[in-house]
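What follows is a single structure, written as structure tokens, with notes after it.
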Amino acid sequence: MVQSLAWAGVMTLLMVQWGSAEKLVCYLTNWSQYRTGAAQFFPRDVDPNLCTHVIFAFAGMNNHELSTVEHNDKLLYQELNSLKTKNPKLKTLLAVGGWTFGTQKFTDMVATASNRQIFVKSALSFLRTNGFDGLDLDWEFPGSRESPAVDKERFTALIQDLAKAFQEEAQSSGKERLLLTAAVPNDRGQVDAGYEVDKIALSLDFINLMAYDFYSSWEKTTGHNSPLYKRQGESGAAAERNVDAAVRLWLQKGTPASKLILGMPTYGRSFTLASSSDNGIGAPVTGPGAPGPYTKDNGILAYFEACSWKEVRRLEDQKVPYAFQGNQWVGFDDVESFRAKVAYLKQKGLGGAMVWVLDLDDFRGSFCNQGQYPLIRTLRQELSLPSVPGPPPVPGPPPMPGPPPSSEPEQGPSPGLDNFCQGKADGVYPNPGDESSFYNCGGGRLFLQSCPSGLVFRASCKCCTWG
């Protein structure tokens, strides 16, 4: 009987753990509105039934008060929060900070109790006025990047102040309590320097672990953006540059598994290979990869830009794919790697998945021939969240350009174009002889790319569009 009761307890614990992955937290950015063509993204492009929580990135801070960043942020807030009329269960949060925001304004704000109270009061008012359900702290990172060591304890104090104020406001107003979350790093040094993990975990509703950017464009060799496990033979610091090590770090430091949300990227990190013939993992590189035709950032490619690359390989020990063409290399995530990561987070009893970011998945469904939001829909399915109707088809002809071109390298240089890319910046250029195709220069190498059927390349947007 005692054994039976003990076993029943174990089974109950396992059921709780495996059943706790109930959150699908998705970020969107307020700068994706400035992308061209089919990559332009607004809150109205969000499927309201896809994610359980949507986080708007980013708000700023002025004079210790929460503030807007873009000229039309308040309109975008309205767009996002109006989605709750279609799905009343959807929760929206506003993230403050981000990488480019830096640390100085956070440091100044947490320096005194009175400054923290200015921020807390402004956050309460700002969130309620604009219809949000919570606040996501994205300080990158307390105790690092010129943030003093004392900010570690002051960050804890800020979280405790916010949690207390949110609870008191809910009790006095009768409204549902505002949520409080934080986005946190995967690096042991940054975690040790800036986070009293066991203390902040008590006050936060959940913690979004940024389990990506393990390798980036400053490396000297290729490495994957978000490998699930270490590579065979890795040891020391290198063996911690993976999702599993980051999760175990946060759990060991006192985060309840049910509060830890595993972050997954809908983008890849790219490199320019030193030699196109040496294109495996750990191959020498000369710098970041060429910018994608839509995201236009060195060293990063959206999933919808990488999904059409033909030379794809899988890192079996790390459970993720990479691809290469010519001297360009990208390590990214796909449907298969997302499935593996959900199986992992379920096994660990984590609270769910987080996605950075909605606007880098194939949200229109016309880039990768996998339907709309193929990566994030995979997460919803694998998390066993209740099925919901799919989004309505995008009306046609759509107001913005369609799918990106295929990324096939040309078979040998075209006559007279041997030196076309010399002296030119990486990017896309018109093909004067054929408007249905264009040239893409990457690391001095020329790629001839074709627009999808019926579309033509326009220099004005540097994209394929309807003629």
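The values are calculated or read from the model by the stated rules, or taken from the named source; none is laboratory data. Because the structure is predicted, anything quoted here is derived from the model rather than measured. All Cβ positions, glycine included, derive from the backbone under ideal geometry; neighbour counts span all protein chains shown.
For the list (1) over 25 Å from Leu24 (Cβ atoms); (2) in a helix (DSSP H, G or I); (3) in contact (Cβ under 8 Å) with a residue 60 or more places away in the chain, I need the number of the one condition that Ala157 fails.
(3)
Within segment 21-34, is even one residue modelled with pLDDT under 95 and either surrounded by fewer than 19 Cβ atoms within 10 Å (Cβ to Cβ) or assigned to a loop (DSSP other than H, G, I, E, B) (or both)?
Yes, segment 21-34 has at least one match.
Would you be able to say whether some residue in segment 58-74 is within 25 Å of Lys152 (Cβ to Cβ), charged (D, E, K, R) and either in contact with a His (Cβ under 6 Å, 6 or more places away or on another chain) or not in a helix (DSSP H, G or I) (or both)?
Yes: one or more hits.
Report, ordered by the first and then the second residue, all pairs with beta carbons closer than 7 Å, sequence separation of six or more or different chains, a first member in segment 313-334 that is among the hydroxyl-bearing types (Ser, Thr, Tyr), and a second member that is outside any loop (DSSP other than H, G, I, E, B) and crowded, with 21+ Cβ neighbours inside 10 Å.
As it stands, the answer is Tyr322/Trp329; Tyr322/Val330; Tyr322/Gly331, since those pairs meet every condition given.
Is there a residue in segment 139-149 that is part of a loop (DSSP other than H, G, I, E, B) and of a type in the set (Phe, Trp, Tyr)?
Within segment 139-149, one or more residues are part of a loop (DSSP other than H, G, I, E, B) and of a type in the set (Phe, Trp, Tyr).
Just need a number here: residues in segment 309-324 that are in contact with a strand residue (DSSP E or B) (Cβ under 6 Å, 6 or more places away or on another chain) and buried (at least 19 other Cβ atoms within 10 Å of the Cβ).
Result for segment 309-324: 5.
If Asp297 satisfies every condition in (1) on the phi > 0 side of the Ramachandran plot; (2) surrounded by fewer than 18 Cβ atoms within 10 Å (Cβ to Cβ) but one, which is the exception?
That leaves (1) as the condition not met.
Just to be sure I understand, how many residues within segment 112-138 are assigned to a helix (DSSP H, G or I) and either of a type outside the set (Phe, Trp, Tyr) or closer than 22 Å to Lys84 by Cα (or both)?
Qualifying residue count, segment 112-138: 16.
Looking at segment 305-344 only, could you name the residues that are of a type in the set (Asp, Glu) and not in a helix (DSSP H, G or I)?
If the condition is that a residue be of a type in the set (Asp, Glu) and not in a helix (DSSP H, G or I), then Glu311, Glu316, Asp317, Asp333, Asp334 are the ones that fit.
Yes/no matrix, rows are residues, columns are (1) closer than 25 Å to Leu301 by Cβ; (2) touching a helix residue (DSSP H, G or I) at 6+ places or on another chain (Cβ under 6 Å); (3) buried (at least 20 other Cβ atoms within 10 Å of the Cβ); (4) free of Cβ contacts under 8 Å to residues at least 60 places away in the same chain:
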position	(1), (2), (3), (4)
Tyr195	no, no, yes, yes
Phe206	no, yes, yes, no
Ser217	yes, no, no, no
Pro227	yes, no, yes, no
Ser235	no, no, no, yes
Arg248	no, no, no, yes
Gly254	no, yes, no, yes
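Is it the case that Thr100 is among the hydroxyl-bearing types (Ser, Thr, Tyr) and assigned to a loop (DSSP other than H, G, I, E, B)?
Here the answer is yes, as Thr100 does meet what is asked.
Looking at Lys296, Lys310, Lys346, which is the one that is within 29 Å of Phe42 (Cβ to Cβ) and either of a type in the set (S, T, N, Q) or in contact (Cβ under 8 Å) with a residue 60 or more places away in the chain (or both)?
Lys296
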